[in-house]
1. Out of all the residues in the range 51-94, which are small (Gly, Ala, Ser), under 17 Å from Ser297 (Cβ atoms) and in a strand (DSSP E or B)?
2. Considering the range 279-303 alone, what residues qualify as being among the hydroxyl-bearing types (Ser, Thr, Tyr) and crowded, with 24+ Cβ neighbours inside 10 Å?
3. Pairs please, first residue from the range 401-414 and closer than 10 Å to Ile358 by Cβ and part of a strand (DSSP E or B), second anywhere and modelled with pLDDT of 75 or more and open to solvent by 10 Å² or more (accessible area, probe 1.4 Å), Cβ atoms under 8 Å, 6+ apart in sequence or on different chains.
4. Which one is nearest to the chain's Cα centre (by Cα) among residues in the range 81-94 that are surrounded by fewer than 18 Cβ atoms within 10 Å (Cβ to Cβ) and within 20 Å of Met327 (Cβ to Cβ)?
5. Looking only at the range 306-316, filter to residues that are of a type in the set (A, V, I, L, M) and assigned to a strand (DSSP E or B); which one of those is farthest from Trp190 (Cα to Cα)?
6. Considering (1) over 23 Å from Pro410 (Cα atoms); (2) of a type in the set (Ser, Thr, Tyr); (3) open to solvent by less than 10 Å² (accessible area, probe 1.4 Å), say which one Tyr261 fails and leave the rest.
7. For the structure I just gave you, tell me whether Gly319 is within 11 Å of the chain's Cα centre (by Cα), more than 17 Å from Val229 (Cβ to Cβ) and in a strand (DSSP E or B).
8. Among Arg78, Arg74, Arg61, which is under 20 Å from Ala132 (Cα atoms), out of contact with any Asp or Glu (no Cβ under 8 Å at 6 or more places or on another chain) and open to solvent by 80 Å² or more (accessible area, probe 1.4 Å)?
Amino acid sequence: MNKQNTFSQCKSSYIMWFIVSLLMTSGFKQVQAQTFELQGREYRQLDGVWYNFANGRQGDRIVPQRLIIRLHDRSDVRIFDLEQAGFSQVNVVSGELFGGYYVVEVTSPHDPFVIALKFSKNPLFDYVEFDALGEYYGTPNDPLYSNQWHLPKIQMPQAWDINTGCNSIILAVIDSGTDYGHEDLDGNIWVNPAEDFNGNGRADFYPYYVGGDLDWSDNDNNGKVDDLVGWDFQDNDNDPSDTYYHGTMVAGVALAQTNNYENGTYLGVAGAAGGWAASQGVLFMSLRVENGQPLLSQATEAITYAAGNGARVINMSFGFGVPYAPMEAALNNAADNYNCVLVAAAGNYEDIQQSQAISYPAAYDKVIAVGATTENDVRKELYDGSDEPNTHTWGSCYSYLDMLLDVMAPGVHIQTTDIAGDSRESSGELLFIF
């Protein structure tokens, strides 16, 4: 579809309406649909919800009221006079995503599509994109070591004879947050040294004047106040606690304390790099983004935060259907300027036609794309018997055009940590890539 031709032919300048008639058993039903194009990206409304499309394939659900924009000269949108430029209908709601990108929110009752088109036509701006929602990968079943078949499969007992995890390494988990008070995780929490007011190496979430760490100051000048263990990008505060479960599961596979003995008993599950007994393992930085579906702008901010605050590895157990320039810029910065190892899930598919569509960020060149295998060392496929009866079934994506998998790892019936100090069995990619 040619953008210029579309706009010139459409009196409204940006919307085409068409009516599709479906023959139903009870008669005819009319379904209304809309399409929209913006800077080469196509958008379609399906059942009242807007999605972006790439190469004719449905991508991600967008959040129309949130626009990601960039000034042509890469200057700070927060100090730019948007009202004078004719954009009194928007508010800046983010810091820099990296590369000059910022998020603005369209105020009600203004039409975000009209505003987006206005940005695209203004020569002061060279980028405008709708914020989007991705998908967390992992399909939980039901609810340590005897149940964790994946660890012997990847020869972790032999690996532990060499190294059980080094606490000089920081792993950033960008996800739904983490239950960092979990008894199987609490020994491996990264504590921001610049915000550790009392200097004891622990996160003490109470005021400094009674011996804690909270002084309500941004001591490391990273734009986050009292970010002791990470950051909650959804609520914009310093408590990235997990209320959803997904992030805690991901953290547990890599970082659950192994062979840990507390209060007269051995606890929980074993993590691949969670240390041994009283010895710390790899430390995890908890970065919380939108719970049910990761929000593009928040995930992008989290990548930049992780790199700038010392993360050596960034784990992204989520995916988007199409590429986005702000996220790619943040990933390139993390890899090129901070030497971060970037790892992401290749994607789960529920439709055989989507089996080759590796998701983003896994599809980017500088990201390690991970697929899932079963107990039989074969790629997880739809309806292959590795799912529980009468439960959700899925397959692990493996390639699309020239975007190929980099590594496979166990991904079915994985015992790991859960919120509220519990454990659970889960399936999905990238729960154990570390």
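1. Result: Gly59, single match.
2. Residues satisfying the conditions are Ser286, Ser297, Thr300.
3. Cβ pairs passing all conditions: Met403/Ala363.
4. Val93
5. Of everything passing the filter in the range 306-316, Met316 is farthest from Trp190 (Cα to Cα).
6. (3)
7. So Gly319 passes the test.
8. Arg61
The values are calculated or read from the model by the stated rules, or taken from the named source; none is laboratory data. Keep in mind it's a predicted model, so treat the numbers as computed, not measured. Because the Cβ atoms are built from the backbone with ideal geometry, glycine has one as well, and the counts that use them run over all protein chains shown. Note: areas computed on protein heavy atoms with side chains; ligands, DNA, RNA excluded. Shrake-Rupley method; radii C 1.70, N 1.55, O 1.52, S 1.80 Å.
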